[in-house]
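Below: one structure, written as structure tokens.
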Amino acid sequence: MSVPDDRRLSAPMGRTQVRRQLRSGYRRSMRLVVLGTTVPGAGLLRTSARRAGSVLLIAFLLGLAAIAYLVVDWGPKGLGLYVLSYPGLLQALVVLLAIGGLVWCASIVATAVAGRPQGLDLSRTRVLAMVTTLMVALVATGTYKGAEFLLITQDTLGQVFSSNHLKPGDGAKVLDEPNVDPWRDTPRVNILLMGSDAGTGRVGTRPDSMIVASMDTRTGNTVLISVPRNFEWPPLPADSPLRQLWPEGSYGGTHDLPNCPRKAKDSADPCAINAIWTEVDEFRETHPEAFPGDDVPGRTQTRDVVGEVLGLKIDHMVVIDLKGFKELVNAMGGVEVNVQLSGYGGKLPIGGKIVNGQLVGVVDWFEPGRRRLSGYHALWYARTRAADTDEHRQMRQRCLIQAVVDQIDPAFMLTKYASIAKILQQNVYTDIPGQHLPAFVKLVERVQKGKITSLGFSAKNGFPYSSNPDYERVRTLVQKAINPPKPTSKPTTSTKTAKPTPTPTTKATPTEQPDVDECA
């Protein structure tokens with residue numbers, strides 16, 4: 001019996017059509033998986049699980065709309081800073097991100113399962129599974145990195161910026177009201193920047209540099225005031241426990257009536273301001289009750305003594321280990337500085353010290369001119385003094401700080417976020433509370449736009465020696481620097497030219513103007 005021609009042809013045509021449908025369904029399932037990876041829930045809309053896909057897609061779009069609204073209303077920076085200011089909000093975002101990532105990954109798998117055509121051969125099923133696994137891995141990795149970023153941020157803020165570092169009543173007054181300048185009621189903020197020098201072979205902690213940044217919160221104009229670390233006989237605050245040893249109110253007695261046991265043991269170890277930290281640590285060993293509630297009283301007392309010396313209320317302090325400064329400069333890609341010659345006209349050495357009047361142990365030399373310094377070279381530029389004096393070193397430190405403030409790029413630093421967070425945790429202390437970060441970021445922006453000047457204490461303004469400084473004069477110069485006289489209008493000139501009146505030659509006197517350094 002013969003088979004009709006149409007039946008002989010229909011069987012092969014059916015198999016070809018099935019194969020085409022499987023290929024089309026296979027490609028469609030791949031597209032749906034990729035679509036579901038790009039937009040959560042979108043891939044499910046073309047499957048039997050379209051209702052679940054709709055719910056997930058709507059939730060995703062509502063979340064995007066909420067974020068877009070907040071970004072437009074607050075600005076990207078303002079929104080980011082608000083989130084950073086509240087550790088509890090960061091923790092909630094970590095949980096939300098983890099749940100969202102888990103649901104997203106599950107939706108990708110569900111899209112592959114629901115979109116897979118029936119009868120798909122094993123090899124194509126394996127390829128689809130591999131693509132699905134890859135897409136899930138991409139979403140999971142992004143979720144993990146986002147959660148890691150938030151956890152690092154939370155940990156860093158908790159360790160570095162903690163309100164527990166402040167005693168009640170301390171710190172700058174910051175307004176936390178919407179659409180209100182946070183510095184409206186605070187015309188000036190004074191922050192002590194200290195470079196900690198607790199290195200190998202050192203006894204106790206000795207600040208290597210002490211600079212007060214006094215900032216006008218309206219204009220951003222800032223005065224960087226260098227406090228010579230070897231200022232002797234510094235005045236003690238009225239409530240300092242060290243007054244039990246020096247009731248006259250000066251650390252180490254006075255120049256006329258010295259009372260400095262450490263100098264009696266070692267003439268090279270005077271009762272100078274940079275010894276306060278170590279002195280307090282030693283005092284605490286025999287008087288543990290003297291500093292209740294203060295884990296590091298040497299740091300706090302150093303801050304208070306600096307404020308007493310300058311006649312300023314120190315609102316906050318930032319203490320950075322010198323190793324941390326080097327790593328921070330490296331993280332920001334180096335810092336460009338106008339490298340100057342030493343105070344006596346020669347090149348500045350990298351390394352080295354004076355032994356029997358000779359400079360020995362020099363590793364290399366700084367070449368003058370504009371240079372981009374690595375962290376290692378920036379640290380040596382701030383520390384070297386073998387070729388000149390502490391006064392010149394203080395000038396270099398102020399110039400270096402000014403360069404860092406001017407050149408720091410928040411967008412670039414964000415790419416180095418994890419390493420910078422680690423540097424901050426290990427090497428930086430500050431008593432600035434985390435919830436005040438948005439206000440201080442605004443203040444830094446104003447400082448970058450304002451004018452930065454410097455005040456040092458040298459022979460030019462009446463401080464030829466640090467062993468017996470005139471602290472009243474110090475306070476006078478500080479007030480003149482932070483409250484400079486307003487420029488007066490130019491007097492009208494007469495058409496007649498008056499003959500110059502000869503002036504007698506007089507002995508030069510110290511200027512009352514701040515000792516301003518030019519860094520450019």
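The values are calculated or read from the model by the stated rules, or taken from the named source; none is laboratory data. All values reported here derive from a predicted model rather than from experimental measurement. Backbone-built Cβ (ideal geometry, glycine too); neighbour counts: all protein chains shown. Accessible surface is based on the protein model in full, side chains and every heavy atom, while ligands, DNA and RNA are left aside. Shrake-Rupley method; radii C 1.70, N 1.55, O 1.52, S 1.80 Å.
Some observations on this one:
- Scattering curve values for segment 380-456, log₁₀ I(q)/I(0), Debye with Cα scatterers, q = 0.19, 0.22, 0.25 Å⁻¹: -1.09, -1.22, -1.25
- Ranked by the mean number of other Cβ atoms within 10 Å of their residues, highest first, the peptides 290-297, 14-21 fall in the order 290-297, 14-21.
- Scoring 281-287, 398-404 by mean Cβ neighbours within 10 Å over their residues and listing the highest first yields 398-404, 281-287.
- Area projected by the alpha carbon convex hull of segment 42-128, averaged over all directions, nm²: 7.3
- Solvent-accessible surface ranking, highest first, for 337, 318 at 1.4 angstrom: 318, 337
- Over segment 195-335, relative contact order from alpha-carbon pairs under 8 Å, at least 6 apart, %: 23
- When 104, 246 are compared by accessible surface with a 1.4 Å probe, the order from highest to lowest is 104, 246.
- Note on the chain: antiparallel DSSP beta bridges, both residues inside, total approximately 75 percent of the bridges counted.
- Square roots of 5 times each gyration tensor eigenvalue, C-alpha, the chain, largest first, Å: 66, 26, 24
- Calculated from backbone phi, Karplus (6.51, -1.76, 1.60) coupling profile of segment 170-187 in Hz, x at Gly/Pro: 7, x, 6, 7, 10, 7, 10, 10, x, 6, 10, 4, x, 9, 4, 9, 10, x
- Of all accessible heavy-atom area on the chain, the percent that carbon and sulfur account for (1.4 Å): 59
- In this structure residue 441 has an accessible area near 50 Å², from a 1.4 Å probe over the protein heavy atoms.
- Peptides 357-364, 452-459 ordered by packing proxy, namely the average of other Cβ atoms within 10 Å per residue, highest first: 452-459, 357-364.
- In plain terms, the chain from residue 336 to residue 15 could stretch by 108.3 nm, reckoned as 0.36 nm per residue minus the Cα-Cα distance.
- Spatial offset of segment 389-422 relative to segment 30-103 amounts to 37 Å, using the alpha carbon center of each.
- Estimated from helical segments only, the mean residue ellipticity of the chain at 222 nm is -15500 deg cm²/dmol, where each DSSP H run of four or more residues counts as -39500 (n - 2.57).
- Heavy atoms of the protein chains alone define the surface here; on that basis the chain has 56 Å² accessible area per residue at 1.4 Å probe size.
- Restraint check, 77/313; 323/422; 326/416; 173/416; 167/442; 347/449, Cα-Cα greater than 21 Å: 77/313; 173/416; 167/442; 347/449
- Rounded accessible area of residue 445 (nearest 10 Å², 1.4 Å probe): 60
- The 3J(HN,Hα) values that the Karplus relation (6.51, -1.76, 1.60; θ = phi - 60°) gives for segment 292-306 are, in residue order, x, x, 10, 6, 10, x, x, 5, 5, 5, 4, 4, 5, 5, 4 Hz. Gly and Pro appear as x.
- Residues residue 24 and residue 66, FRET efficiency given R0 of 35 Å [Cβ-Cβ distance, rounded to 0.05]: 0.35
- C-alpha center-to-center spacing [segment 222-299, segment 335-365] in angstrom: 31
- Amide proton proximity set for residue 343, modelled H, under 5 Å, gap of 5+: 389
- If you sort 390, 266 by accessible surface, 1.4 Å probe, largest first, the order is 266, 390.
- Nonlocal amide H pairs with residue 188, under 5 Å, H built at 1.01 Å: 217
- Principal-axis analysis of the Cα atoms of the chain puts helix 437-449 at an angle of about 60° to the longest axis.
- Across segment 223-234, coupling constants 3J(HN,Hα) worked out from phi with the 6.51/-1.76/1.60 Karplus curve, θ = phi - 60°, read 10, 8, 9, 7, 9, x, 5, 9, 4, 8, 6, x Hz, and Gly and Pro carry x.
- Charge dipole (debye, nearest 20) of the chain; +1 at Cβ of Lys and Arg, -1 at Cβ of Asp and Glu: 3260
- Distant-in-sequence amide contacts of residue 318, defined by a placed amide H-H separation under 5 Å and a gap of 5 or more residues or a different chain, comprise 192, 193, 194.
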